[in-house]
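Structure first, then comments.
The values are calculated or read from the model by the stated rules, or taken from the named source; none is laboratory data. All values derive from a computational prediction rather than experimental measurement. Cβ atoms come from the backbone with ideal geometry, glycine included; neighbour counts cover every protein chain shown.
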Amino acid sequence: MSRTEDERGRPPADLLSGVRVLDLTNVLSGPYATYQMAMLGAEVIKVENPQGGDLARKLGAAPKLNGQMLGTSFLAQNAGKKSVTIDLKQPRGKELFRELLATADVVVENFRPRVMERLGFGYEAVKAIRPSIVYCAISGFGQEGPLSGNPAYDQIVQGLSGVMSVTGDAQSAPLRVGYPLCDTLGGMGAAFAIASALFRRERTGQGCYIDLSMLDATISAMGWAVSNYLIGGVEAKPIGNQNMTAAPSGAFQCADGQINIAANKQEQFERLCELTGLTDLLTDPRFAEREARKANRDALNTLLNEALAARGAEEWETLLNANGIPAGRILSVPEILAHPQIAARDLIHEIPMGQPGLETVRVCRPGFTLGDGQPGARSAPPLLGADNADIFGELGKDASTLADLKAGGVI
């Protein structure tokens, strides 16, 4: 089995084979977008500053890897890519990048608005070199508007978007979501927009400019928290691990841990009462129907927690799901990664790295498989500038030219 085949023997996915992406992005939102494309067969070339490259190379929980410029934050989002180094502030660097642009299908950048224009590579300038280019500019707040010039980090966007205001409960909110949610949503939105633009270009030959705002992408993904206010005039409130749309629906305590239960339908509630020995609740006017249960959520949850304490979370999970009641234990990251479901889906794949102290690297595939192929990285995350000779060689640069460019700090 090759490094990208799954256990069913599916070959690497090639939906974006033949697409060359120039990735000028850093840290997470942009690298996550181009990582999705690399896993679908695109040739993604990271264009990095010779002085340090992507900041994520120095970020992560393993200081030794940070020192090798292979931080875990970088490894997680950059497998399957190539790396070249160009100083875009130097005239010779600009000329080299123009030559590379002429070979590209997609450009992705996540600088602050107008940085690329100041470097001479805004959309109009790039379009003049490559008329069919798909150009995606990812930023915290978009290219226009009163916030557009502000620096954007994930937590800043979480706070501004309203996400933190509805996370936690009355005592703990506003609370940050425990991973970079807005960066990730921005990256997913960018990947989708780029793929859509490539589909149109395949039919019409027309390129596209994409202005991706992390703030916009986050608000758009907030679902009922936004729509309830826009349409119903009801402001979302933080209610912790409970689901405002139904009861009982949320997190409950078992003998050895917590479990999520979503008995949202009347028949599910009735069956839950039978399985937990709480059949008297079926005739209790506080709980007999949906709206009454929501109004008396705290009292209902207390009774359920007492009944669920009779068994462990895994036993309840099995029993409830077997009876048509959605339920799932609340697991840690190590616990879910070790779960047989993850192995069955072949979500994690291991790639040879061949670096001191890092012989292999394990990374996540995207959240889907294909009938005729398995998305996945075809190579390890690249060392800084690892592909200079190959990529610039394609542009006609011989060894002496490359040595001169390197000596001048251009690459």
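For the reader, a short list of remarks on this structure follows.
- Those strands (runs of 3 or more DSSP E) lying entirely in the range 323-374 with at least 1 residues touching a residue at least 24 places away in the same chain (Cβ under 8 Å) and loosely packed, with under 12 Cβ neighbours inside 10 Å: 348-355
- The set of residues in the range 21-44 being β-branched (Val, Ile, Thr), over 17 Å from Ala195 (Cα atoms) and crowded, with 23+ Cβ neighbours inside 10 Å consists of Thr25 alone.
- Looking only at residues of the range 375-411 that are among the β-branched types (Val, Ile, Thr) and farther than 30 Å from Arg10 by Cα, we find that the one that is surrounded by the fewest Cβ atoms within 10 Å (Cβ to Cβ) is Thr401.
- Taken over the range 306-320, the criterion of being part of a helix (DSSP H, G or I) and within 18 Å of Arg271 (Cβ to Cβ) is satisfied by Ala307, Leu308, Glu315, Trp316, Glu317, Thr318, Leu319, Leu320.
- For the range 235-264, residues that are out of contact with any Pro (no Cβ under 7 Å at 6 or more places or on another chain), at pLDDT 95 or above and β-branched (Val, Ile, Thr) total 1.
- Meets criteria (assigned by TED's automatic domain parsing to the domain that holds Arg271 and part of a helix (DSSP H, G or I)) for Ala299: yes
- Arg200, sole failed condition from (1) touching a residue at least 40 places away in the same chain (Cβ under 8 Å); (2) among the basic types (Lys, Arg); (3) more than 30 Å from Asp154 (Cβ to Cβ): (1)
- Scope the range 123-181; condition touching a residue at least 60 places away in the same chain (Cβ under 8 Å) and assigned to a helix (DSSP H, G or I); matching residues: Tyr123, Lys127, Asp154, Val157, Gln158, Ser161, Ser165, Val166
- Selected residue (criterion: farthest from Leu405 (Cα to Cα)) from residues of the range 57-116 that are among the small types (Gly, Ala, Ser) and surrounded by fewer than 19 Cβ atoms within 10 Å (Cβ to Cβ): Ala61
- Of the helices (runs of 4 or more DSSP H) contained entirely in the range 183-289, those carrying at least 1 residues that are in contact with a Cys (Cβ under 7 Å, 6 or more places away or on another chain) fall at 214-220.
- Some residue of the range 27-42 being touching a helix residue (DSSP H, G or I) at 6+ places or on another chain (Cβ under 7 Å), at pLDDT 95 or above, on the phi < 0 side of the Ramachandran plot and of a type in the set (Val, Ile, Thr): no
- Tallying residues that are touching a Ser or Thr at 6+ places or on another chain (Cβ under 6 Å) and not aliphatic (A, V, I, L, M) within the range 342-362 yields 2.
- Any hit, the range 269-286, residues being among the hydroxyl-bearing types (Ser, Thr, Tyr), modelled with pLDDT of 95 or more and surrounded by 12 or more Cβ atoms within 10 Å (Cβ to Cβ): yes
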